[in-house]
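Rule-based calculations on the coordinates, nothing more; no lab input. Just so we're clear, the structure is a prediction, and the values are computed from it rather than from any experiment. Every residue, glycine as well, gets a Cβ built from its backbone with ideal geometry; the counts of neighbours run over all protein chains shown.
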Amino acid sequence: MMSKRTRTFTVGAGVTYPPSVELARLHTPLQLLDHISERFERTVYCKRDDLTGAALSGNKVRKLEFLLAALTDGGHGGVITCGGEQSNHARATALAAARLGLRCHLLLRTKDPSNPPEPTGNILLDQLAGATIEWITPDAYAERDELLERRATELQSEHGVSFSPIPEGGSNALGAWGYVRCVAELAEQLGPGPVTIVSAVGSGGTTAGLIAGCQLYNLPYRVVGIAVSDDRATFQGRIAKILAEMAETFEEDVAVEAEGIEIIDDYVGRGYALSSEEELRCIVDMARESGLILDPVYTAKAMVGLLGELKKAQRNLGEKIVFIHTGGIFGLLPKAAELKPLL
Ligand SMILES: *Cc1c(COP(=O)(O)O)cnc(C)c1O
């Protein structure tokens with residue numbers, strides 16, 4: 001049965017992975033971005049993690065391979081997770097759950113739960129996959145970890161099957177293994193020479209996994225995260241915490257000092273999920289120059305950040321750079337009206 005096939009992934013021998021279930025199409029390709037490479041006279045690649053699948057795509061799928069393997073093993077009945085209105089993580093979880101025969105309940109943050117947003121983009125896919133959506137206020141969302149636990153218990157008594165909570169963004173010690181595996185792929189594709197890996201940071205699990213992977217495989221890769229909300233110190237703390245949990249749970253030597261984690265917080269722009277003209281323009285330019293569709297919430301900010309840093313002579317990102325395209329295409333659909341003047 002395709003849906004529950006356990007991954008037997010031989011890449012990255014020498015590191016012992018926790019069990020995972022096959023959901024993503026791996027390896028994802030590495031695409032040379034010739035326009036950017038020529039313009040800045042270095043080699044800039046895009047790691048196409050937007051191609052981990054079609055609807056079930058983006059960076060969250062790599063994390064879910066580990067997060068859901070633990071559940072299918074134990075015969076759990078459902079999952080519950082949370083996110084913003086247009087959460088890519090919620091959509092990926094809803095689709096993966098459907099594929100694996102698990103129920104899925106989503107807590108999604110919206111300004112006024114009595115007047116929820118139209119089912120466009122990711123919300124439409126959540127509903128197509130049969131996930132139940134509970135709209136919650138930003139205030140309620142602030143206590144999301146407690147709320148996930150409480151609602152999981154309540155759903156269990158309502159439905160008679162257990163619901164396992166998955167944290168925001170799938171970002172915990174188990175989910176981060178998805179990006180350890182991504183580092184192993186990169187090592188095969190690029191070799192062991194120095195590389196700077198640049199990606200968007202939203203809940204920290206991707207960056208944590210990348211940092212852990214570089215340590216576990218002993219690679220001279222540098223990991224730089226571009227914050228899409230909050231500030232540097234917040235993400236340094238969150239990522240260091242995930243790495244400390246990985247070190248403790250899996251007895252791997254991956255813990256690092258928070259201050260040493262490279263986060264750039266100069267490109268948050270108007271804030272989470274809000275687009276500046278520069279970001280929208282970047283989406284249009286990338287589509288036309290490289291055929292790449294960036295998303296408005298994460299990868300457009302991260303690409304504006306990468307280009308901004310490349311323009312600065314003083315911060316040298318090195319000769320070889322990999323930008324991780326973490327997906328998110330469905331978040332673009334609700335932005336059609338904002339993009340229209342630029343087309
Ligand atoms: C969630 C997400 C990110 C951020 O990844 P984290 O592991 O949460 O930091 C980046 N890009 C896209 C498209 C995402 O959906």
For Val201, residues with placed amide H under 5 Å, excluding near neighbours: Ile226, Ala227, Val228
Debye, to nearest 20: dipole size of the chain, +1 on Lys, Arg Cβ, -1 on Asp, Glu Cβ: 840 debye
Long-range amide H partners of Val21 with built H, under 5 Å: Arg7, Phe66, Ala69
Alpha-carbon Debye profile of the chain, log10 I(q)/I(0) at 0.07, 0.14 Å⁻¹: -0.27, -1.15
Size of electric dipole in segment 60-170: Cβ of Lys, Arg +1 and of Asp, Glu -1, about Cα centre, debye, nearest 20: 400 debye
Met286, Met303 arranged by Cβ crowding within 10 Å, fewest neighbours leading: Met286, Met303
For segment 123-132, Karplus couplings with θ = phi - 60° (6.51, -1.76, 1.60), whole Hz, Gly/Pro x: 5, 4, 5, 4, 6, 4, 6, x, 5, 8
Normalised per residue, the volume of the convex hull around the Cα set of segment 60-170 (Å³): 88 Å³
Relative contact order of the chain, pairs being alpha-carbon contacts under 8 Å that are 6 or more residues apart, as %: 19 percent
Nonlocal amide H pairs with Ile136, under 5 Å, H built at 1.01 Å: Leu108, Arg109, Thr110
Given Lys47/Lys111; Lys63/Lys312; Lys301/Lys340; Lys63/Lys311; Lys60/Lys241; Lys241/Lys335, the pairs whose alpha carbons are separated by over 24 Å: Lys47/Lys111; Lys63/Lys312; Lys63/Lys311; Lys241/Lys335
Sequence of Leu332, Leu274, Leu174 once ranked by neighbouring C-beta atoms within 10 Å, starting from the fewest: Leu274, Leu332, Leu174
Gap separating the Cα centres of segment 11-41 and segment 282-310, nearest whole Å: 18 Å
Proxy reagent accessibility, fewest Cβ within 10 Å first, across Thr206, Thr120, Thr52: Thr120, Thr52, Thr206
Rounded to whole Hz, the Karplus (6.51, -1.76, 1.60) HN-Hα couplings of segment 139-156, x for glycine and proline: 5, 4, 5, 4, 9, 4, 5, 5, 5, 4, 5, 5, 5, 4, 5, 5, 5, 4
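Given contacts defined as C-alpha pairs under 8 Å and at least six residues apart, what's the relative contact order of segment 60-170, whole-number percent?
Working: 183 pairs, mean separation 38.6, N = 111.
In percent, rounded to a whole number, it is 35.
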Cα-centre dipole for segment 175-265 with unit charges at Cβ (Lys and Arg positive, Asp and Glu negative), debye to 20: 220 debye
